[in-house]
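The values are calculated or read from the model by the stated rules, or taken from the named source; none is laboratory data. The structure presented is a predicted model; accordingly, all values stated were derived computationally and were not measured. Cβ placement follows ideal geometry from the backbone for every residue including glycine, while neighbour counts extend to all protein chains displayed. What goes into the accessible areas is simple: the full protein's heavy atoms, side chains included, and nothing from ligands, DNA or RNA. Shrake-Rupley method; radii C 1.70, N 1.55, O 1.52, S 1.80 Å.
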Amino acid sequence: MTEYKIALVGFGGVNRALAQLIAERNARWQHELGFGLKIVGVTDLFLGSVIDRDGLDAAMLAALPAQKGALAQIPQGSAEAFNEAVIKQSGADIIAEATFTNPKDGEPAATFCRWALEAGKHVLTTNKGPIALHAQALKALAKANDVSFEYEGAVMSGTPVLRMARQTLAGAGLVGFEGILNGTSNYVLTRMEEGLGFNEAVAQAQALGFAEADPTADVEGHDVRLKVVILANELLGACLQVGDVACSGISAIDSAAIERAQAAGERWKLIGSARREADGAVRASVEAKLLPGHHPLAGISGATNALAFDTELLGAVTVSGPGAGRIETAFALLSDIVAIHTAGHSA
Ligand SMILES: NC(=O)c1ccc[n+]([C@@H]2O[C@H](COP(=O)([O-])OP(=O)(O)OC[C@H]3O[C@@H](n4cnc5c(N)ncnc54)[C@H](O)[C@@H]3O)[C@@H](O)[C@H]2O)c1
Ligand SMILES: N[C@@H](CCO)C(=O)O
């Protein structure tokens, strides 16, 4: 039975949820998926770091108090985040990167991915920064080192979109997409329809683990813009940069606007879209739109996301499911490991 040694970089909501899933399901995965996981390192700016090549207790990690330097409580642990040592020297086969998304330059996450790939380790990341800004270079580095670089969770958390479209819509003639791609903003709009204020709704989304470290990225559309760039470049063969995508968010939508929409049978939705035009160029945008009640995306509520692919052979193909959430995104990391395992990379 294969056992992958995994190191977790960033131990916030997502990687902690992965530790919880490993604690609860490792035996089941061994049976169902043909591999098990052993956590050999954890590093986090706030919590510190720890390496144990014999394996750390996943349940103990999942229950670690969220206190500064808490990893120092574990034997061999430190209050300092020795990121480079955990990535390069923990003996991990796989690095799961889940630190803050930096929409400006993707750092330092892009460097963490680079270190890992250069050291011959498979990389999983849920972080949109390195993918939207450095995907080509990181994919080339992975290829040069004969390892995998997987990032299913970067768009729509655990709901299969990137791999599904790449593998099962190949040849269908994908010409564009539009979707609800941010769980926080859709959750906020839904709660506002139920009468909650904007700030209270954002606070709830933060408490539920949907929001970015700075939720401005969610409500101003910046998070969706990164996802649109990732989808357009990955699936439409575009070469978009973040600045190419016109972007606005939902912060200008107040309770009165929500009520007017409801009275008219309409719903506000933050829509990210891209399309290959007749001139061959791919044009993309992010903006809040008023959708009529019968629109296929109008019924999507809460942190659920939906993405409608426009294809030549099938017409619209729509996928919907969780767009955010700790466990939901940790599942995306598992799906990346399944992809590595299926591709035949051995531990
Ligand atoms: N939570 C979700 O629903 C979700 C869904 C999809 C993608 N993502 C992405 O996944 C990533 C992780 O999300 P999360 O919800 O776990 O975030 P989080 O804010 O809960 O955790 C991030 C952790 O990374 C640590 N960190 C930040 N910078 C670091 C550094 N330089 N070195 C070491 N550790 C560092 C922080 O201390 C924090 O504990 C983010 O990039 C986010 O955009 C999250
Ligand atoms: N903050 C993001 C997480 C998923 O990328 C959201 O709310 O959709």
Q. Among the lysines, which have Cα under 23 Å from the Cα of Lys289 when same-chain residues fewer than 8 positions away are ignored?
A. Lys227, Lys269
Q. How big is the range 162-322 by Rg and Dmax over its Cα atoms, in Å?
A. 15.7, 45
**Q.** Distribution of pairwise C-alpha distances over the chain, 20 Å bins, in %
**A.** 31, 56, 13, 0
Q: Go ahead and set up a Gaussian network model of the chain, Cα springs under 10 Å, then flag whichever of Thr111, Thr184, Thr159 fluctuates most.
A: Thr111
Q) So what is the 222 nm mean residue ellipticity for the chain from helices alone, if each DSSP H run of at least 4 adds -39500 (n - 2.57) and you divide by all residues, rounding to the nearest 500 deg cm²/dmol? A) -11500 deg cm²/dmol
Q) Averaged per residue, what accessible surface does the range 162-322 expose to a 1.4 Å probe, in Å²? A) 43
Q. For the range 176-221, which GluC sites (Glu not before Pro) are in a loop by DSSP, counting at most 10 other Cβ atoms within 10 Å?
A. Glu194
**Q.** Accessible surface of the range 162-322, 1.4 Å probe, proportion on carbon and sulfur as whole %
**A.** 50
Q) Which of Ala27, Ala298, Leu189 sits closest to the plus end of the dipole of the chain, meaning its Cα is farthest towards the positive end, when Lys and Arg get +1 and Asp and Glu get -1 on the C-beta? A) Ala27
Q) Counting only heavy atoms of protein chains, what accessible area per residue, in Å², does the range 1-137 have with a probe of 1.4 Å? A) 41
Q. Considering only the other residues whose Cβ falls under 13 Å of the Cβ of Leu117, what net charge follows from Lys and Arg at +1 and Asp and Glu at -1?
A. 0
Q: Would you work out the relative contact order for the chain, in percent, from Cα pairs under 8 angstrom that are 6 or more residues apart?
A: 18
(Q) If I model a spin label as a point 7 Å beyond the Cα along the Cα-Cβ vector, how far apart are those points for Met60 and Asp254 in nm? (A) 5.5
Q: Report in % the part of the accessible area of the range 18-68 that belongs to carbon and sulfur, leaving out ligands and nucleic acids; probe 1.4 Å.
A: 49
**Q.** Top of His222, His294, His134 by mean-square fluctuation, Gaussian network on the chain, Cα under 10 Å
**A.** His294
